[in-house]
Every structure is written in C-alpha cells, then in structure tokens.
1. Step through the residues of the stretch 12-21 one at a time and calculate ³J(HN,Hα) from phi using the Karplus curve (6.51 cos²θ - 1.76 cosθ + 1.60, θ = phi - 60°), rounding each to whole Hz and writing x for Gly and Pro.
2. Output wanted: per-residue J couplings in Hz (rounded whole) for the stretch 24-40, from phi through Karplus 6.51 cos²θ - 1.76 cosθ + 1.60, θ = phi - 60°, x for Gly and Pro.
3. Karplus couplings for the stretch 76-93 from phi (6.51 cos²θ - 1.76 cosθ + 1.60, θ = phi - 60°), rounded to Hz, Gly and Pro as x?
4. Starting from the Cα-Cα distance between H37 and H10, subtract it from 0.36 nm times their residue separation and give me the gain in nm to one decimal.
5. Mind listing the long-range amide H neighbours of L89? Cut-off is under 5 Å, sequence gap 5 or more, other chains count too, H placed in the peptide plane at 1.01 Å from N.
Amino acid sequence: MAVTEQDVLHIASLARLGLPAERVPTIVGELNRILEHMAVLQGVDTKTVDPAVSVGVVAMPLRKDEGPPLPLERSRDSFAPAIKDSFFLVPRLATHAALGASSETVADDALLEEEAS
C-alpha cells in the first residue's frame, strides 16, 4: 500500500500540522520508503528466533521501591499552582483555543485562572 499526497495532507490536517505544499512530495517519498522497508521486514522468517527478553508475559523482576521520596528542590506550588485529582492543571494552549472546549475543560481553565490570581 502506497501513501499518496492526499493521505499526507489528511494526516497533517488531523495532526493539526502546518505543512507547506512544497514539502508534501518529499514526505510522500519518505513514507513510501518506510513502508517498503516494513514490507521487507515482514518477509523475514522469525519462527526459529527466540523472543526478546521481557517482551510479552514474562518480564524482568523489578527491585522493591524502597526509601523515602526525594524532596523537591523547590515547592510544587512554585511551578504547578493548580492540581486536581492528583494531576497538574495546565492552561489551554493558545493554538487550541479555536478548536472549542468541553464544559469540563472550560471549568478547569476557570479553576486555573482563579487559583493563579
């Protein structure tokens, strides 16, 4: 399956990437070379090769997580003024403001602004 210029433009649109038209043919060529390489790799017979260690069900044993947590050099409030459900709240990026916001996101943004003031 080959990638077309239309595919690249669609992917760029979904990822909200600003893609100059003159770059599209180059990207199409690069993606098609990657897909050709993947097709070659799919043809490799791996039936006689042992699976990699720690991939799948069997995993390497982990050490116990012991000891006290390391103290932060500066308080969390100095770099993360708003927290909700143990997660840092960050303001919406200006580039995403035009995309619309759910009521929950708007409420979180309002909470951030309230706590920042």
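Nothing in this text is a laboratory measurement; each read-out follows from the coordinates by a stated rule. For clarity, every value in this text was computed on a predicted model and none was experimentally measured.
1. Result, ordered by residue: 4, 5, 4, 8, 6, 9, x, 10, x, 4 Hz.
2. For the stretch 24-40, the Karplus curve yields 4, x, 5, 5, 4, x, 5, 5, 5, 5, 4, 5, 4, 5, 4, 5, 5 Hz.
3. 4, 4, 6, 10, 9, x, 10, 9, 9, 6, 6, 10, 6, 9, 10, x, 5, 5
4. 7.4 nm
5. A82, I83, K84
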